[in-house]
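Take a look at the structure set out below.
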Amino acid sequence: MKKVYQNAEEATHDITDNMTIILGGFGLCGLPENSIAALVNKGVKGLTCISNNAGVDDFGLGLLLKNHQIKKMIASYVGENAEFERQLLNGELDVELIPQGTLAERCRASAAGIPAFFTPAGFGTEVAIGKETREFDGKMYIMERRFHADFAIVKAWKGDTNGNLIYRAATRNFNLPMAGAGKITIAEVEELVPAGELDPDQIHTPGIFVKRIFQGAKYEKRIEKITVRKREI
Amino acid sequence: MLDKDGIAKRIAKELQDGFYVNLGIGIPTLVANYVPEGMNVTFQSENGMLGMGPFPYEGEQDADVINAGKQTVTMLPGGVYFDSATSFAMIRGEHVDLTVLGAMEVSEKGDIANWKIPGKMVKGMGGAMDLVASAKNIIVAMQHENKAGESKLLPQCTLPLTGIGCVKKIVTELAFLEVTEDGFKLLERAPGVSVDDIKKATLGKLIIEGEIPEMVI
């Protein structure tokens, strides 16, 4: 089966209106930016997006938000985005906020065939409303469910034609647990190499979780907050 | 009275050699600047770093190396990167020794609210709910009163909760307190602050036993 795609447009060709999509990245770090640009250009609407954050006003998922392409956002933290807040307070956007560790584990569970799990995060808060709770060893937990997403889109540093992925530095974040979390997982990489070139000992995501892979045309890799220190002279 | 760095300095005195520590955004981040000389403390950033170091030198920032506050940082020698599921396994699995975070309100039962103001602010809880539900030791760093001059140490939280019965200690510009079964136990006064000042600023039950020493920072 064909795994290598030419570009973002081709890899996302069958993403259509009202689908549920899981997207990797933390803030703007390790973001599948080529795929997001393709979805913006394509103009698909009514999307449910599952991602840790909602981008900033003019980058990342913020671009889809600005175009009103997102119907529902499932995330853990959505500060940094004024347009998001405006749409939410105006009732134009449906939002489900969930604890970050729960989000990561729900993605992992989705990829791993685990329908539900118990976590202490959110017990006693509004996150627990409507959810099954249970006591284990004297501590209270709430039951959280896996996702059922049409697509998962992740970004890696290097990938090979078998779909094996290596991430760089802190870009593992949600990309790793999200690989395999959708019916179809698309991986975009900065560098695509022939199978056999990556060291099997160094691969983070085995290619079995990845159905499509392409090399991104270009990466802006925007930084959300540049913080530096002065050199002591 | 303590300034923000003073609060961070007092919290830093609670660090122990070999601790793995998660610092929240704001005042908690400053704690990293006051690790006692010779002490080995490892900072965990929940987006996937253990061994997080200071900000990079100008021009050396790397888009792939950020902290949970999305600021560019550096990795120290011996550090490690990992994914978000592994990160929260460290947190929920109680492998992190100390969590320092900010709060909008803390109750005398140790409940904490720090993620939402209905109708005003909707940013999300990020990793805070996972952290407070599992941390062995949570210290809250915050101002004693909000901008309207109302106490943030309450009998009960009024804002949506982040977690229940989890806060162990609190450091404010006025005091160092411990959350006990009976309420907020005053441990230390900030320099130049009287017990009466602290009483006035605390709405929740305050326990004062004997002479309350002044903080040494």
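The values are calculated or read from the model by the stated rules, or taken from the named source; none is laboratory data. As the structure is a prediction and not an experimental result, all values here were calculated from the model. Glycine gets a Cβ as well: all are built from the backbone with ideal geometry, and neighbour counts include every protein chain shown.
Couple of notes before you dig in:
- Looking at B:93, B:110, B:149, just one residue is in contact (Cβ under 8 Å) with a residue 40 or more places away in the chain, under 26 Å from residue B:176 (Cβ atoms) and of a type outside the set (A, V, I, L, M), and that residue is B:110.
- For residue B:107, the stated conditions do not hold, so it cannot be described as of a type in the set (S, T, N, Q), within 11 Å of chain A (Cβ to nearest Cβ) and within 21 Å of the chain's Cα centre (by Cα).
- Selection within the range A:223-232 - touching a strand residue (DSSP E or B) at 6+ places or on another chain (Cβ under 8 Å), surrounded by fewer than 18 Cβ atoms within 10 Å (Cβ to Cβ) and either hydrophobic (A, V, I, L, M, F, W, C) or assigned to a loop (DSSP other than H, G, I, E, B) (or both): A:226, A:227, A:228, A:230, A:231
- Figure legend. Inter-residue proximity from the range A:92-104: first residues more than 10 Å from chain B (Cβ to nearest Cβ), second residues in a strand (DSSP E or B) and buried (at least 24 other Cβ atoms within 10 Å of the Cβ), beta-carbon distance below 7 Å, spacing 6+ or different chains. Indicated pairs: A:93/A:70; A:93/A:73.
- Top-ranked residue in the range A:191-215 [being within 14 Å of chain B (Cβ to nearest Cβ) and within 17 Å of the chain's Cα centre (by Cα); ranked as surrounded by the most Cβ atoms within 10 Å (Cβ to Cβ)]: A:205
- Among the residues of the range A:204-222, those that are under 28 Å from residue B:69 (Cα atoms) and outside any strand (DSSP E or B) comprise A:204, A:216, A:218, A:219, A:220, A:221, A:222.
- Residues in the range A:11-41 that are away from every other protein chain (no Cβ under 14 Å) and acidic (Asp, Glu): A:14, A:17.
- Residue under evaluation residue A:220, criteria (1) more than 10 Å from chain B (Cβ to nearest Cβ); (2) charged (D, E, K, R); (3) in contact (Cβ under 8 Å) with a residue 60 or more places away in the chain; (4) surrounded by fewer than 16 Cβ atoms within 10 Å (Cβ to Cβ), criterion not met: (1)
- Among residues of the range B:119-138, those that are under 24 Å from residue A:50 (Cβ atoms) and more than 7 Å from chain A (Cβ to nearest Cβ), counted: 4
- Test: residue in the range B:191-198 that is within 14 Å of chain A (Cβ to nearest Cβ), aliphatic (A, V, I, L, M) and either under 23 Å from residue B:99 (Cα atoms) or not in a strand (DSSP E or B) (or both): no
- One residue from B:89, B:32 being at pLDDT 95 or above and hydrophobic (A, V, I, L, M, F, W, C): B:89
- With respect to the conditions (1) over 17 Å from residue A:34 (Cβ atoms); (2) within 14 Å of chain B (Cβ to nearest Cβ); (3) surrounded by fewer than 24 Cβ atoms within 10 Å (Cβ to Cβ); (4) not charged (D, E, K, R), residue A:170 falls short on a single one, namely (3).
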